[in-house]
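The next block holds one structure in the form of structure tokens; read it before the comments.
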Amino acid sequence: MNKKDVKFPQTLHEAIRYFSSDSHAFDFLKSIRWPDGKVKCPYCKSEDVSFISTRKVWKCKHCAEKSQFSVKVGTVMEDSPISLDKWLCAFWLIANAKNGISSYELHRSLGVTQKSAWFLLHRIRLAMQDGSIEKFSGRVEADETYIGAKARNLHKHKKTGKTGMVGKTAVLGLLEREAGDKPSRVRCKVMKRVRTRDIDPTVRANVEKGSEIITDKFSSYYRLPDEYVHQVIDHAVSYAEGHVHVNCLENFWSLLKRSIRGTYVNVEPFHLFRYLDEQAFRFNERKDNDAGRFVKAVAGVIGKGLRYSKLIGQDSGGRLPPEAAKAW
């Protein structure tokens with residue numbers, strides 16, 4: 001059968017069959033890396049390269065060192081011995097699993113070790129990270145939640161005698177409501193504290209001036225009326241008054257906590273921002289089909305990288321990775 005006659009997969013079953021062909025997997029990732037068809041050296045950006053078909057690598061004629069490169073170089077897949085068909089199946093699974101997929105389930109499905117599956121999932125979450133600098137506008141909901149174990153479920157030696165939010169990680173969420181054909185979108189950020197001087201700059205950095213911001217009665221939002229139309233819903237009275245509510249963001253929190261409690265069970269605070277990226281990606285792309293979400297996730301691999309030593313905090317004398325340090 002002519003390769004051009006094979007349709008791009010629309011289901012997981014079709015994806016497994018399609019990407020089991022080395023040529024299909026290679027050509028797909030090549031089209032993601034260089035959509036104009038012009039292969040460029042990831043080190044010097046030169047187009048003067050030659051293809052070595054026996055090894056499926058290119059050789060740059062201008063680079064003295066590291067002259068050879070594969071389609072994985074310059075992506076989250078760089079230096080990974082895992083084959084492309086397994087990588088792409090993992091992308092399909094995590095992009096379309098509403099409640100996520102655990103590293104143990106992925107290791108059984110792909111035939112890799114649990115440690116490799118865990119590392120692979122974190123690199124895929126990095127590819128899902130939204131690097132957009134476009135600010136939200138229109139009607140925007142803002143709310144905070146707390147991620148962590150319930151006090152009654154902690155081991156005896158971990159209990160402090162305190163209840164509420166002690167020992168939990170704060171997360172700030174912003175949701176731009178649906179407008180016309182544009183579906184609602186969400187952004188999340190791990191917060192060390194939820195005081196005004198922490199929350200206020202984050203909201204202003206992500207929402208255009210003059211927009212309508214809807215929050216609950218939490219006091220940390222009190223400065224917003226100077227540049228925004230600030231609507232407040234008092235949950236002690238009601239949960240919605242017309243369009244004034246944060247129920248859309250509450251829906252996202254329920255999806256996030258369902259995935260963490262049901263699939264991942266426990267998430268360390270310094271890794272939490274990666275799980276937020278994963279859930280936000282699936283929520284923002286929920287109107288697309290499985291194939292569309294898969295392609296968008298894979299398109300995010302370019303220009304990103306994550307070393308295992310950095311992921312587990314062994315870089316720079318054992319300190320947390322820079323991304324984690326910023327978030328925590």
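The values are calculated or read from the model by the stated rules, or taken from the named source; none is laboratory data. In this text, all values refer to a predicted model and were calculated from it rather than measured experimentally. The accessibility values were calculated without ligands, DNA or RNA, using every heavy atom of the protein model including side chains. Shrake-Rupley method; radii C 1.70, N 1.55, O 1.52, S 1.80 Å.
Below is a table of values for the structure above.
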read-out: Entries in K72/K98; K168/K189; K7/K98; K86/K296 that, when Cα-Cα distance is taken, lie over 19 Å; value: K72/K98; K7/K98
read-out: DSSP bridge pairs, the chain: antiparallel proportion in percent, nearest 5; value: 75
read-out: Carbon/sulfur fraction of accessible area - the stretch 1-62, other protein chains in place, 1.4 Å, %; value: 50
read-out: Accessible area in square angstrom per residue, the stretch 175-238, 1.4 angstrom probe; value: 54
read-out: Highest-MSF residue in the chain out of R258, R123, R197 [GNM, Cα springs under 10 Å]; value: R197
read-out: Gyration tensor (alpha-carbon) shape descriptor, the stretch 246-311, a/c threshold 1.5; value: oblate
read-out: Size of the chain as Cα extents on the principal axes (Å, biggest first); value: 69, 52, 41
read-out: Rounded accessible area per residue of the stretch 4-73, 1.4 Å, Å²; value: 64
read-out: Accessible area of the stretch 94-151 divided out per residue, in Å², using a probe of 1.4 angstrom; value: 44
read-out: Fraction of accessible area attributable to carbon and sulfur, the stretch 185-254 (%, probe 1.4 Å); value: 50
read-out: 222 nm mean residue ellipticity, helices alone, for the chain (DSSP H n ≥ 4; -39,500 (n - 2.57); rounded to 500); value: -10500 deg cm²/dmol
